[in-house]
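Please read the structure below before turning to the comments.
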């Protein structure tokens, strides 16, 4: 009866909050449904494109099309290098190109449809009719397109959850729901593929005819579901309404380089590059050792696919109970154990399935953990730098490409050592695996390498300390900063003021009248589970309240006052004084005392500000050798506004099938606007680089002045409460 009652209550909750979020959340159930169900379509396209991307282990390119392993490696290296400028372009577009739909939603269709088109060309190209060199060129050209469109599309969908809600637990819950649904896509695909192969290619899953039957269905379903995500979601970022961001790649690199959590997560990925070595084992035991029939292998892939459901279901509860760090470490330790067990049990595909199934269960937690952690890291980045950097994370992460280039040579070298190379005496170089001695020796080596990779992967997670409490405090602080910025710009709404001031008042009250509760002492005195749970919640609330109070006081601390003095000095000199800044400021900053935490904080900030002055001076002398000139930013904003208006008008006329001449006139105007905006944007980038130190100083002074007006806001909030009480009394 309790289950029935709970089910009825859940149905009522869904109905009530179908179009609006529940208290404390930011996403309605309709939005959750659209994002999650749309994930099936997104991952259908991902599965299709990922199978075609150049890598040192791509079986379609290597086995089916016949590209030699070392040639694949060379092509892969070139592909990675050419992807670097493409990554910079993608990052700049996400962070600096403004669409009314948001940061990521615009690119779901703009990048998803070309990804599908290139994938279709890839599998329908008649490779057997062209020379080997032409095959290599075609593969490279297709991959060049996929590197841009697929990677952009993948980032757009995966990162969309980062901006759909600032609530970390809500993001985690939605990611789990999405993961359960999208995981059906590769599971269904992996189940169908061997069945199609048995009908059209005598069971050979590496025959292109299999993909020519499969991919058109994937394309249609994928695009239809992506439209659902695009049309039924809304991005929400905690940032001031008037805040405008323009950030160069080099500046983003510098900011992200300070984000220790980014490096921890990245390092874990780089060190664990060997962990995926076992991905091919089940396929090889079926395809080359013939340890099961095609129908049994279809069943095996279906069963293994269900393993990922466990992590998706349990991850939100585990994260809520123990936190992301502990879940990361424990699941990775289980990964090591189950991978190692494959070695003594690889004589039977069913025992290997059990080990790989349990490994997949442990591994599936990362499907929820990774998006949740990545979103938290971006919140932290916004808190530290003041800018919402999203796309630039991908650009900075390309540093890992060089690591990957170095590590990717390991697996081809292992393959070659065990006989997989061109000229090994077989029609297909992989046919050497039909030899049981070679197959099982290579599988054993892959298992050992994979276990080592999993062990290396877990080490950096011990240094991850961005707790759930810290993340919640960061979101509160971002709300406060947005309130002060909007108030200073005269655009603060009553609703935003009331919600944020209520948060501040409750935080100040708790910080002043509460203290940390000793959980160990409570346990020693026999406290109940409910009492311990409440004590932990009270401690969390106290820690967040203290962080809020510290934020309100940050311009009155010795560090804040020291930086404010620097900012006023820079602002008083004006942009004309930037070229005369001296490197002596950097030397003097480095000579500051660093005997305690406070002195080190002041020294670190002073050194950073002095170096910022030197970067601005360098840009000033480079772009304005005859003296810096002011830039009319409003004119650029007006041009961008007109561009949006013309684009909307053109779209409307196209929909109405209006007069062709009128549409052509709008097209010409758009071309002119594009050219002018491009020129003005380049000029603005030069100006922004040259005046960065002045802009930062003015921003800091403005923030301090806004925070100093807290009394005004408090009085307005008190007056609004009095008005509300009067209305209720009437």
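All of the numbers you see were taken from the coordinates with simple rules; none came from a lab. Since the model is a prediction, treat every value here as computed from it, not as a measurement. Reconstructed Cβ throughout: ideal geometry from the backbone, glycine too, with neighbour counts over all protein chains shown.
Just wondering, is there one or more residues in segment 682-693 that are in a helix (DSSP H, G or I) and surrounded by fewer than 14 Cβ atoms within 10 Å (Cβ to Cβ)? Working first, answer last.
Initially, segment 682-693 is screened for residues in a helix (DSSP H, G or I), giving 682-690, 692-693.
From what is left, the residues that are surrounded by fewer than 14 Cβ atoms within 10 Å (Cβ to Cβ) are 682.
Within segment 682-693 (the criterion being in a helix (DSSP H, G or I) and surrounded by fewer than 14 Cβ atoms within 10 Å (Cβ to Cβ)), the answer is yes, since at least one residue qualifies.
Of the residues making up segment 34-52, none is free of Cβ contacts under 8 Å to residues at least 24 places away in the same chain and either more than 18 Å from residue 215 (Cα to Cα) or buried (at least 20 other Cβ atoms within 10 Å of the Cβ) (or both). Of all the numbered requirements in (1) touching a helix residue (DSSP H, G or I) at 6+ places or on another chain (Cβ under 8 Å); (2) surrounded by 13 or more Cβ atoms within 10 Å (Cβ to Cβ), residue 604 misses one, and that requirement is (1).
Residues of segment 545-581 that are buried (at least 19 other Cβ atoms within 10 Å of the Cβ) and not in a helix (DSSP H, G or I): 555, 581. What is the residue count in segment 655-711 for residues that are under 30 Å from residue 492 (Cβ atoms), touching a helix residue (DSSP H, G or I) at 6+ places or on another chain (Cβ under 9 Å) and in contact (Cβ under 8 Å) with a residue 60 or more places away in the chain? Going through segment 655-711 one residue at a time, the tally reaches 21.
All of (1) assigned to a helix (DSSP H, G or I); (2) within 20 Å of residue 690 (Cβ to Cβ) hold for residue 626 with one exception: (1).
Select, from 491, 452, the only residue that is surrounded by fewer than 21 Cβ atoms within 10 Å (Cβ to Cβ) and outside any helix (DSSP H, G or I).
Working: 452 fails: outside any helix (DSSP H, G or I).
Exactly one residue qualifies, and that residue is 491.
For segment 206-232, a residue qualifies if it is within 28 Å of the chain's Cα centre (by Cα) and outside any helix (DSSP H, G or I), and exactly one does: 232.
Condition check: exposed (fewer than 12 other Cβ atoms within 10 Å of the Cβ), without any contact (Cβ under 8 Å) to a residue 40 or more places away in the chain and in a helix (DSSP H, G or I). Does residue 722 satisfy that?
Numbers: exposed (fewer than 12 other Cβ atoms within 10 Å of the Cβ): yes; without any contact (Cβ under 8 Å) to a residue 40 or more places away in the chain: yes; in a helix (DSSP H, G or I): yes.
Answer is yes for this residue.
So which of 648, 605, 599 ends up being within 25 Å of residue 589 (Cα to Cα) and under 31 Å from the mean Cα position of the chain (by Cα)? Full working, then the answer.
Values: 648 fails: within 25 Å of residue 589 (Cα to Cα); 599 fails: under 31 Å from the mean Cα position of the chain (by Cα).
None of the other options fit; the residue is 605.
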